[in-house]
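Report on the structure given below.
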Amino acid sequence: MASLPEAVQKPVTLGERVRAARHELGLSQAQLAGDELTKGFISQVEAGLVRPSLRSLQIIASRLGRSLDYFIGDESLAGAKRRVFHRLAAQAAAERRDWGAVRHEAMSALAMQPQGAERAALLRFLASADTAEGKREQAFERLAEAMTLVDANSDPTELAHLLHARGVLYVEHGQLAAGAESLEAARDVMEQREITDPRLRARTLVHLGTVYRRLHRTVKALATYELALAVASRSSELRLAAQSYMGVAVALYDAGELDGAIANYQRALGLFERVSDTAIELSVMQSLATVQFEHGDMSAARETVDRCTERAALAGDVRVGAIVDVLRARITLEEGDADGALRLAEAAEARLAELGDHRQQADALRVAAAADHARGEYASSDRAYRRAIEILASIEDHPDLSTLAAEYAQKLRARGDLESAFAYLELARDPAASRPGS
């Protein structure tokens, strides 16, 4: 069967659509090219030998009086570029913890039906936003789906990211053993596959060290924190450069230059892998000081606390500053200054309550309670201990609740209140049970 004449045959490819629209207007290739493009370039576009950038295609579309969508149509490459842009934008938004932007960009990319590891990464970004907003079950569901999409051989980096994210979520849910298993798996994947992403390594090691500490594996925790501190880099200039690249990427996208936008986002994210992460550094120092304290090395703990306080102040990190003050209060109490410890703990507790960090607030109350007990102010001590227990029960932090209940029971027993001591020992054994009556 003979083909239809060119005038009535439906154009399919981008080049055919350009040629058909040009013929409809009676323009030559040179006229369509104008001053910005060349006749040879238009000829190659129509022949399908080159693909124009979005900026060039916008010029062509404007001269032909057609919308950009007419030429892009269902072209898979254009769709893929848009999908890649939204994925990189979601990743960059996650770096700056802009969860609203993460949702917008990730959902925009998911609407384009990505597959495999690309879909898994987008689900991971959404899970991070869910976690930040307290939607833990939804985050678990997204990560579970994402894990089914990746292959350990072809997608090891994404697998490591997912294992890390799942481990952090387990820990925040109070499931320390499961968290440790997932974080160790992430660490092992990075080592076996020689994945060179210092930020992911440092973050994984920090969280793993914290799990070890909370599971009372002090020696392992100390070694893990020290390794994390060695991995973390410190160059604020790189962070500024990365943020600049992100700004350029957004501007290029707005101008229709998808290739340039993607390239600049990739540069930004490449720098983020090497950039200083003050949050990681502070978290490592804070955790290291805790382990040093629990190890009985007060001098080293106080030195690390001082360094962390200074860094937190320079970074303007009020939360870490308050957490470090709780540890400083614990050291002060251990050194015999109960009044000084109480002042530090109460001030830190007020700041943490305002910031909404309930687990750390409970820790501050615990130190205040211990300081009041040392001062003989038992009524105040009881109030602080019970308030801390209420907080930990409300957020279902069972490991810390068990430790705190056991400590309070010991204090009650020392005071001769055996009935209450027994009740809190029962709570320590079964932290999911109801809080004992006042």
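The values are calculated or read from the model by the stated rules, or taken from the named source; none is laboratory data. All figures in this text were calculated on a predicted structure; none of them were measured in a lab. Virtual Cβ from ideal backbone geometry, glycine too; neighbours counted across all protein chains shown. Just the protein is used for accessible areas: all its heavy atoms, side chains included, with ligands, DNA and RNA removed. Shrake-Rupley method; radii C 1.70, N 1.55, O 1.52, S 1.80 Å.
Brief remarks follow.
- Loop-located GluC sites (Glu not before Pro) across the range 121-154 with a Cβ neighbour count of 14 or fewer within 10 Å are E133, with loop assigned by DSSP.
- Accessible area per residue for the range 365-438, computed on protein heavy atoms with a 1.4 Å probe, is 50 Å².
- Over the range 9-50, accessible surface divided per residue gives 57 Å², non-protein components excluded, 1.4 Å probe.
- The range 335-438: C-alpha gyration tensor shape, a/c 1.5 cut-off, then a/b vs b/c: oblate
- Amide N proximity, the range 326-350 versus H216 label position 7 Å along Cα-to-Cβ, cut-off under 16 Å: none
- Within the accessible area of the range 327-438 (1.4 Å probe), percent carbon and sulfur: 45
- Euclidean distance between Cα centres, the range 277-343 to the range 166-206, Å: 24
- Taking 7 Å steps out from each Cα toward its Cβ at S67 and A313 produces label points 5.9 nm apart.
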